[in-house]
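Have a look at the structure below before the remarks.
The values are calculated or read from the model by the stated rules, or taken from the named source; none is laboratory data. This one's a predicted model, so the numbers in the text were calculated from it and none came from an experiment. Cβ placement follows ideal geometry from the backbone for every residue including glycine, while neighbour counts extend to all protein chains displayed. Accessible surface areas use protein heavy atoms only, side chains included; no ligands, DNA or RNA. Shrake-Rupley method; radii C 1.70, N 1.55, O 1.52, S 1.80 Å.
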Amino acid sequence: STSSTEKFYRIPEGKGPHSVGCTDLMTENAVEGSFLRLYYPAYDATDIEEARWIPDKEYYQGLSDFLNMYRVVGERLFHYYVGSVTCPAKSNAAFKPEEKYPLLVFSHGLGAFRTIYSAICIEMASQGFIVAAVEHRDESASATYYCKRRSVSESQEESMPSMEKEWIYYRKLKTGEEERCLRHKQVQQRAQECIKALNLILKINSGEEVTNVLHSDFDWNSLKDSVDTSRIAVMGHSFGGATVIESLSKEIRFRCGIALDVWMLPVGDDICQNSVQQPLLFINSEKFQWAENILKIKKLISNDTNKKMITIKGSVHQSFPDFTFVSGGIIARFFKLKGEIDPNEAIDISNRASLAFLQKHLSLKKDFDQWDSLVDGIGANVIPGTNIDTSPAEPDPCF
Ligand SMILES: CCN(CC)CCN(C[C@]12C[C@](c3ccc(C(F)(F)F)cc3)(C1)C2)C(=O)Cn1c(SCc2ccc(F)cc2)nc(=O)c2c1C=CC2
């Protein structure tokens with residue numbers, strides 16, 4: 001309704017030729033397993049409903065903790081405003097084996113989790129990618145869980161499901177705790193989880209049976225021989241951008257990477273051009289970045305023509321996660337969830353530049369090269385490099 005201040009918005013649908021499905025996969029019953037939401041090209045299915053955007057109320061509790069709100073307040077607020085929001089992907093829709101699809105592993109930011117970058121993941125899937133949005137268990141997510149098998153005695157009781165969800169919530173910095181040290185440890189775990197997700201998808205592609213502890217009627221065998229195993233990339237937002245850098249430096253099968261508004265603190269100071277051999281695209285917002293962060297990015301890019309940076313004018317840090325679409329009014333303004341640029345316009349620039357970069361470095365045979373100019377920072381609302389001034393402060397001539 002347009003009358004209330006909190007107007008209701010939708011997460012934008014994919015613009016590519018494919019309908020999109022999504023399904024959740026969790027392996028093993030322990031924190032060492034993989035947990036991801038898969039977005040994929042699907043057969044049209046008008047009879048299948050859209051997936052829930054935030055699937056468990058514990059995510060509301062986690063978000064409240066992360067945002068320093070009281071849980072009872074946060075949980076009700078989130079439930080009221082976004083409890084009924086779905087993402088434009090059909091839940092467990094049948095996978096459409098048409099060609100071998102390139103694979104994209106996506107890493108979420110601090111305080112986020114696997115489902116809230118669906119505008120990006122759904123667009124990529126609609127354009128013919130299989131997208132594995134991992135949920136990290138490094139305590140950087142607002143909330144996440146793993147499944148534990150109940151003891152025999154417990155599950156004997158009536159209506160006791162055999163599995164129980166063990167929730168892990170966002171770990172706040174302890175007083176006096178060195179942030180760099182915690183984040184450097186977490187980014188190592190995050191990279192390992194991206195590599196584990198890559199190996200899991202490759203295992204499924206080879207036809208091996210995998211146990212999904214989340215029982216859904218999605219047919220994982222339909223993915224057999226559908227992944228283009230030579231065309232794999234990694235993408236992430238903010239802390240997830242640092243995870244991209246760490247993952248590329250550790251796993252050569254990630255052929256290239258895209259870091260959205262990267263947070264460089266978790267990346268060691270010893271970072272240099274040789275840390276990452278693969279092509280890497282930095283897509284920054286105008287408002288989030290600062291000189292020290294940009295200097296670390298520039299050290300990594302140095303003079304490598306395969307490493308590029310562009311900035312989307314009028315965008316903010318929250319222009320990449322989905323809240324920029326589903327929020328409005330005072331909440332959006334208070335938390336700076338939208339920039340001056342229209343959220344759909346900003347995500348289109350980011351997605352088109354990403355697609356052009358992926359076509360170039362994964363040698364895709366699509367028409368994404370139509371957006372090559374964006375990767376060079378040429379086009380409306382985009383600039384090459386950064387708006388942040390990093391020139392050393394001139395000594396004041398008066399002293
Ligand atoms: C006070 C907490 N304080 C913790 C260090 C800073 C909190 N903060 C700024 C916020 C996230 C904000 C946000 C979101 C979402 C609503 C909502 F109401 F719409 F849900 C509201 C308010 C509060 C904007 C950030 O951390 C920014 N940020 C993020 S934001 C990723 C995210 C998380 C949850 C989401 F729901 C959506 C997106 N990912 C990173 O990797 C990094 C940073 C900073 C450095 C590295």
| said: Rounded to the nearest 5, what % of DSSP beta bridges with both residues in the chain are antiparallel? | reply: 50 percent
| task | Quick one: angle between helix 343-362 and the longest Cα principal axis of the chain, in degrees between 0 and 90, rounded to 10, please. | result | 90 degrees
| said: Only Cα pairs within less than 10 Å get springs; with that Gaussian network setup on the chain, which residue of ASP24, ASP217, ASP369 has the largest fluctuation? | reply: ASP217
| request: Go through VAL72, VAL375 and list them by solvent-accessible area, largest first, probe radius 1.4 Å. | output: VAL72, VAL375
| task | For the chain, state the semi-axes of the equivalent ellipsoid (square roots of 5 times the eigenvalues of the alpha-carbon gyration tensor), sorted largest first and rounded to whole angstrom. | result | 32, 25, 23
| task | Go ahead and estimate [θ] at 222 nm for the chain from helices alone: -39,500 (n - 2.57) per DSSP H run with n ≥ 4, summed, over the residue count, rounded to 500. | result | -9000 deg cm²/dmol
| note | The extension gain from ASP389 to THR86, computed as 0.36 nm times the residue separation minus the Cα-Cα distance, is 105.1 nm
| Quick one: helix 179-205 against the long Cα principal axis of the chain, what's the angle to the nearest 10°, folded into 0 to 90? | 60 degrees
| remark: Here the relative contact order (percent) of the range 167-228, from C-alpha pairs under 8 Å and at least 6 apart, is 27 percent
| Projected onto the charge dipole of the chain (+1 at Lys/Arg Cβ, -1 at Asp/Glu Cβ, origin at the Cα centre), which of SER302, CYS398, ALA89 gives the Cα projection farthest towards the positive end? | CYS398
| About the Cα centre, charge dipole magnitude for the range 259-399 (Lys/Arg +1, Asp/Glu -1 at Cβ), debye | 320 debye
| field | Two-site FRET efficiency, LYS185 against ASP56, from Cβ-Cβ distance with R₀ of 25 Å, rounded to 0.05 | value | 0.40
| task | May I ask you to list the trypsin sites (Lys or Arg not before Pro) in the range 169-243 that are in a DSSP loop and have at most 16 other Cβ atoms within 10 Å of their Cβ? | result | ARG171, LYS172, LYS174, LYS224
| query | Between ARG171 and VAL73, what is the FRET efficiency for a Förster distance of 30 Å, r being their Cβ-Cβ separation, to the nearest 0.05? | reply | 0.90
| the chain, accessible area per residue, ligands and nucleic acids excluded (1.4 Å, Å²) | 44 Å²
| query | Using alpha carbons only, how many degrees (0 to 90, rounded to 10) separate the axis of helix 71-82 from the longest principal axis of the chain? | reply | 90 degrees
| Using a probe of 1.4 angstrom, how much of the accessible area of the range 278-373 is carbon and sulfur, in percent? | 55 percent
| message | Please give me the summed charge of the neighbours of ILE383: other residues whose Cβ is under 11 Å from its Cβ, Lys and Arg +1, Asp and Glu -1. | response | -1
| field | With DNA, RNA and ligands ignored, accessible area of LYS57 (1.4 Å probe; Å², nearest 10) | value | 100 Å²
| field | Check: the range 233-342 dipole with +1 on Lys, Arg Cβ and -1 on Asp, Glu Cβ, in debye | value | 140 debye
| task | Would you give the gap between the C-alpha center of the range 20-81 and the C-alpha center of the range 319-371, rounded to a whole Å? | result | 21 Å
| field | Size of charge dipole - the chain - debye, nearest 20, with Cβ of Lys, Arg +1 and Asp, Glu -1, no other charges | value | 400 debye
| query | For the range 26-40, list residues with backbone N below 14 Å from a point placed 7 Å from the Cα of ARG149 toward its Cβ? | reply | 28-30
| query | So what's Rg/Rh here for the range 250-399, counting alpha carbon atoms and using the Kirkwood radius for Rh? | reply | 1.01
| note | At R0 = 30 Å the Cβ-Cβ FRET efficiency linking ASP225 and LYS365, nearest 0.05, sits at 0.95
| message | In whole percent, and with a 1.4 Å probe on the protein chains, what portion of the accessible area of the range 70-186 is carbon and sulfur? | response | 53 percent
| query | Relative to the compact globular guide of 2.2 N^0.38 Å, what is the alpha carbon radius of gyration of the range 275-354, as a ratio? | reply | 1.22
